[in-house]
Amino acid sequence: MKYILACLLFIFSQTVLAADKFGNAAIWGAGQKSCFSYTTARKNGEENYYKDYLMGYLTAYNAQTPDTYRISGSENLDGILSWLDSYCTEKQVHGFDQAVVEFITEHYPKRQKSAPATGL
């Protein structure tokens, strides 16, 4: 019983770096923009700002999430952008950061959990 109690205390004492106690986190860069801004930039061929944000976000997510090598599974950047195009066309008032989080939430079950075998 003491062992279980000690484990529970240890688990619940760990600091979560995801957000403040109210679930809020500061959003930087393109994440502050709306989906409408993203779709407008895509139509004008000016999406690099959003691509850079997206790739950085997904890289950080992959590095910080247990059992996750690649959150996007088998989808490449073009596939992810296509998904975001659909999402942001339907939900133009949502933030771009929210769109990225929704992509992650939807793709989490299909994520690649480990690096591909190198054949060594």
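Just so you know, all these numbers are worked out from the coordinates, no wet-lab data involved. Keep in mind that this is a model prediction, so the values were computed, not measured. FYI the Cβ positions are ideal-geometry reconstructions off the backbone, even for glycines, and counts take in every protein chain you see.
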Exercise. Please give the net charge around ASP67, taking every other residue with its beta carbon less than 12 angstrom from that of ASP67, where Lys and Arg add +1 and Asp and Glu add -1.
Key: +3
Practice problem: Give the cross-link partners of LYS51 among the lysines, using a straight C-alpha distance below 20 Å as the criterion and excluding same-chain residues fewer than 8 apart. | Solution: LYS33, LYS43, LYS91
Quiz item: From the square roots a ≥ b ≥ c of the eigenvalues of the alpha-carbon gyration tensor of region 28-110, which class results: rounded (a/c under 1.5), prolate (a/b over b/c), or oblate?
Solution: prolate
Exercise. Please report the relative contact order for region 28-110, taking Cα pairs under 8 Å with a sequence separation of at least 6, and give it as a percent rounded to a whole number.
Key: 48 percent
